[in-house]
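Undergrad: Quick one: the structure is below, questions incoming.
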Amino acid sequence: MTSPAPAGPARRAAVLGSPIAHSLSPVLHRAAYRALGLDGWSYDRFEIGEAELAPFLGRLGQEWAGLSLTMPLKRAVIPLLDEISDTAASVSAVNTVILTDDGRALGENTDIPGLVAALAERGVTGVERATVLGAGATAASALAALGRLGAAEVTACVRGEARAAEMRAWGERLGVTVVAAPWAEAAKALDAPLVIATTPAGATDALAGAVPPAPGVLFDVLYEPWPTALAAAWSAAGGRVVGGLDLLVHQAVCQVELMTGLAPAPLVAMREAGEAALADR
């Protein structure tokens, strides 16, 4: 893919989505700009739904370096872009738009490398078997990450046959063997060495009482409220927990590097800023 415009003064970036008021992305990216000495850079948030996305992109000027995207825009943006990376194409989801100096809009997915990096930071660099709780774009990214970690089989716990079929299809596309299980059997699937929860707030609370006596690693992609009931129970049972802030920081590190052209991004400063912001809420 074409490189972004070089770092310089008076550049803009932002996170788009709906709802968006809760997003910590401005905190993380602004912390990165401070640490990198990018005094002319700014990062904002905009409440943008699918219908507003194309007009918003059409109004962007040369001062824009990039965008972060959350739901419901990760798939809706694809037809509006000039090119997307192989990583983004593998899960049909773009969470990062790079705006180049020649006026092109390029799509990338930093959730997948963010998942891998967050797990590696906690000592998980490979896994043979795993469980994914939930379906959708984040679950697909989790499957892609698990493929990179060498998972031979993934149990996907979902609600309904349509979601089960979707996850099996993603598994086939990504080269990961997916065994779909009904949500009612999710408690049994918590005995996997790695469990990735991709569900909305409250969805896994009922599973807190089913944590196995010797749990492996739980990666819960939520960061607010934190800890989730499942994450708290997992930690209490002696299991390792990777949280949504870990994912948010690592995928944002990738975004900062892509948008500014500067690497490495300041991981520690970004995490500290995120932790402070969550503590103030």
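Undergrad: Compute the distance in nm between two label points, each set 7 Å from the Cα along the Cα-to-Cβ direction, one at A120 and one at I78.
TA: Placing both labels 7 Å beyond Cα along the Cβ direction yields 2.6 nm.
Undergrad: On to the next question. Just to verify a number: FRET efficiency for A35 and E63, C-beta to C-beta distance, R0 = 22 Å, to 0.05?
TA: 0.55
Undergrad: Between A21 and A187, what is 0.36 nm times their sequence separation minus the Cα-Cα distance? Round to one decimal in nm.
TA: 56.5 nm
Undergrad: Where the accessible area of the chain is counted over protein heavy atoms with a 1.4 Å probe, how much of it, in %, is carbon and sulfur?
TA: That share works out to 54 percent.
Undergrad: Give the calculated FRET efficiency between R104 and R240 to the nearest 0.05, with a Förster radius of 51 Å applied to their Cβ-Cβ distance.
TA: After rounding, the FRET efficiency stands at 0.80.
Undergrad: Give the ranking of H29, H22, H250 by solvent-accessible surface, highest area first, calculated with a 1.4 Å probe.
TA: Most to least solvent-accessible, the answer reads H22, H250, H29.
Undergrad: Would you list D205, D44 from the most to the least accessible area, probe 1.4 Å?
TA: Per-residue accessible area, sorted high to low, gives D205, D44.
Undergrad: Then there is this: On a 0 to 90° scale, report how tilted helix 111-121 is relative to the longest principal axis of the chain, with both axes built from alpha carbons and the result rounded to the nearest 10.
TA: 60 degrees
Undergrad: Right, another one. State the antiparallel share, in %, of DSSP beta bridges confined to the chain, rounding to the nearest 5.
TA: Looking only at bridges with both residues in the chain, the antiparallel portion is about 15 percent.
Undergrad: Turning to a different aspect of this structure: Report, to the nearest 10°, how far helix 267-280 tilts away from the longest principal axis of the Cα atoms in the chain, using its own Cα long axis and a range of 0 to 90°.
TA: Once rounded, the angle reads 70 degrees.
Undergrad: In Å², what does the accessible area per residue of the chain work out to with a 1.4 Å probe?
TA: 41 Å²
Undergrad: How much length would be gained if the chain were fully extended between A208 and A165, taking 0.36 nm per residue of separation minus their Cα-Cα distance, in nm to one decimal?
TA: Extra length from A208 to A165 when fully extended: 12.8 nm.
The values are calculated or read from the model by the stated rules, or taken from the named source; none is laboratory data. Everything numeric here is computed off the predicted structure, so don't read it as measured data. With ideal geometry, Cβ positions are generated from the backbone for all residues, glycine too; neighbour counts draw on all protein chains shown. SASA here: full protein model, heavy atoms, side chains in, ligands and nucleic acids out. Shrake-Rupley method; radii C 1.70, N 1.55, O 1.52, S 1.80 Å.
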